[in-house]
Amino acid sequence: MKLVMYLGNDLIEAVPVEPGGLSKPGYLGNFKRVLKLKYKELLSQVPEPPEFYVVEPPQRQSATGS
């Protein structure tokens with residue numbers, strides 16, 4: 001799973017998260033704080049706040065010859 005940060009329609013960064021940590025209070029908040037600090041200058045230049053989503057990356061399908 002990944003926590004993704006969007007600013008408008010732009011994907012800023014995606015960081016891996018452990019599925020078991022999602023139920024722990026503050027687990028995702030820690031990642032969000034780090035990302036907000038990392039992109040503080042960028043965030044100060046836009047009026048809208050960033051959006052965060054937890055996503056499951058699509059599974060890769062293996063190509064098999066039929």
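Throughout, read-outs are computed from the coordinates displayed, never taken from laboratory work. Please read all numbers here as calculations on a predicted model, not as lab measurements. Ideal geometry is used to build each Cβ from the backbone, glycine not excepted, and the neighbour counts take in all protein chains shown.
Can you confirm whether Pro50 is of a type outside the set (Gly, Ala, Ser) and either exposed (fewer than 13 other Cβ atoms within 10 Å of the Cβ) or more than 16 Å from the chain's Cα centre (by Cα) (or both)? So that I can check it myself, show each step before the final result.
On the way: of a type outside the set (Gly, Ala, Ser): yes; either exposed (fewer than 13 other Cβ atoms within 10 Å of the Cβ) or more than 16 Å from the chain's Cα centre (by Cα) (or both): no.
In short, no.
Just one of (1) more than 13 Å from Met1 (Cα to Cα); (2) touching a Phe, Trp or Tyr at 6+ places or on another chain (Cβ under 9 Å); (3) assigned to a helix (DSSP H, G or I) trips up Gly21, so point out which.
(1)
Give the stretch 25-48 a look and list any residue that's out of contact with any helix residue (DSSP H, G or I) (no Cβ under 9 Å at 6 or more places or on another chain) and among the hydrophobic types (A, V, I, L, M, F, W, C), or say none. Steps first, answer last, please.
Looking only at the stretch 25-48, we keep the residues that are out of contact with any helix residue (DSSP H, G or I) (no Cβ under 9 Å at 6 or more places or on another chain), and these are 25-26, 29-35, 37-42, 44-48.
Within the stretch 25-48, Phe31, Val34, Leu35, Leu37, Leu42, Val46 meet the criteria.
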